[in-house]
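Trainee: Below is the structure I would like to discuss, written out as structure tokens.
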Amino acid sequence: MRLIRRSSPNFGPRRDGLTPELVVIHHTAMLTGEAAVGRLVDPAAEVSAHWVIGEDGTLWSLVDEAERAWHAGAGSWLGRGDVNSRSIGIELANAGPLTDFPPFPEPQMAALEALLDGILGRWGIGARGVIAHSDMAPERKADPGPAFDWRRLALGGRALWVEECAAQG
């Protein structure tokens, strides 16, 4: 896995002494990982993430995990807001709705699994703490989208996965 360090100016201190208890998984909705990194390090964009993972498994580190990246926006999880102060954000290079939600390639998923192993261990976050951007902002976000393999992460103990229930009568 290739690691590239790029510094985003779009971050600040975590508020109220909060530490990461969540990992929020996003898709970039851009055509390449490089394009996404370019936006996430642009001060005018006022968005960032801690990590970006390219389709080939390349890993970009943009914001130190101890800091508050600006990736989650408005929303809440389990009735608590300021998700940015309570989470680590991972962007997966994926065009999402731009190209009808393409699958996430094997090298990218393998890199995500390795990264999650490190994050969950460093911060003592359990599988219940790995969520989708759409989980904490369902009215405005759909990422990482329908092609994301939550089952794979769950089978490795890195997330929870709930099978879709059959239509109830």
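Trainee: Keeping to segment 3-16, report how many residues are of a type outside the set (Lys, Arg) and open to solvent by 70 Å² or more (accessible area, probe 1.4 Å).
Mentor: The total comes to 5.
Trainee: Among the residues of segment 98-108, is any modelled with pLDDT under 95 and acidic (Asp, Glu)?
Mentor: yes
Trainee: Name the single residue that is surrounded by the most Cβ atoms within 10 Å (Cβ to Cβ) among those in segment 131-156 being hydrophobic (A, V, I, L, M, F, W, C) and over 19 Å from residue 106 (Cβ atoms).
Mentor: The extreme case among them is 136.
Trainee: Select from segment 119-128 the residues that are open to solvent by 10 Å² or more (accessible area, probe 1.4 Å) and not in a loop (DSSP other than H, G, I, E, B) and list them in ascending order.
Mentor: 120, 121, 122, 123, 127, 128
Trainee: Could you please find all residues in segment 26-61 being of a type in the set (S, T, N, Q), buried (at least 19 other Cβ atoms within 10 Å of the Cβ) and within 13 Å of the chain's Cα centre (by Cα)?
Mentor: Once the filter is applied, which keeps residues that are of a type in the set (S, T, N, Q), buried (at least 19 other Cβ atoms within 10 Å of the Cβ) and within 13 Å of the chain's Cα centre (by Cα), segment 26-61 yields 28, 48.
Trainee: Among what's in segment 76-112 and is of a type in the set (D, E, K, R) and part of a helix (DSSP H, G or I), pick the residue that is farthest from residue 122 (Cα to Cα).
Mentor: The selected residue is 106.
Trainee: Still on this structure, I have one more. Take residue 75 and decide whether it is under 15 Å from the mean Cα position of the chain (by Cα) and at pLDDT below 95.
Mentor: yes
For every residue, the table says whether it meets (1) out of contact with any helix residue (DSSP H, G or I) (no Cβ under 8 Å at 6 or more places or on another chain); (2) within 24 Å of residue 152 (Cα to Cα).
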site	(1), (2)
3	yes, yes
42	yes, no
56	no, yes
63	yes, no
75	no, no
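Trainee: Outside any strand (DSSP E or B), within 16 Å of residue 24 (Cβ to Cβ) and either open to solvent by less than 30 Å² (accessible area, probe 1.4 Å) or among the hydroxyl-bearing types (Ser, Thr, Tyr) (or both): which single residue out of 160, 116 fits that description?
Mentor: 116
The values are calculated or read from the model by the stated rules, or taken from the named source; none is laboratory data. This is a predicted model, so every value here is computed, not measured. Neighbour counts run over all protein chains shown; Cβ positions are idealised from the backbone, glycine included. Please note that ligands, DNA and RNA were not included when accessible areas were found on the heavy atoms of the full protein model with its side chains. Shrake-Rupley method; radii C 1.70, N 1.55, O 1.52, S 1.80 Å.
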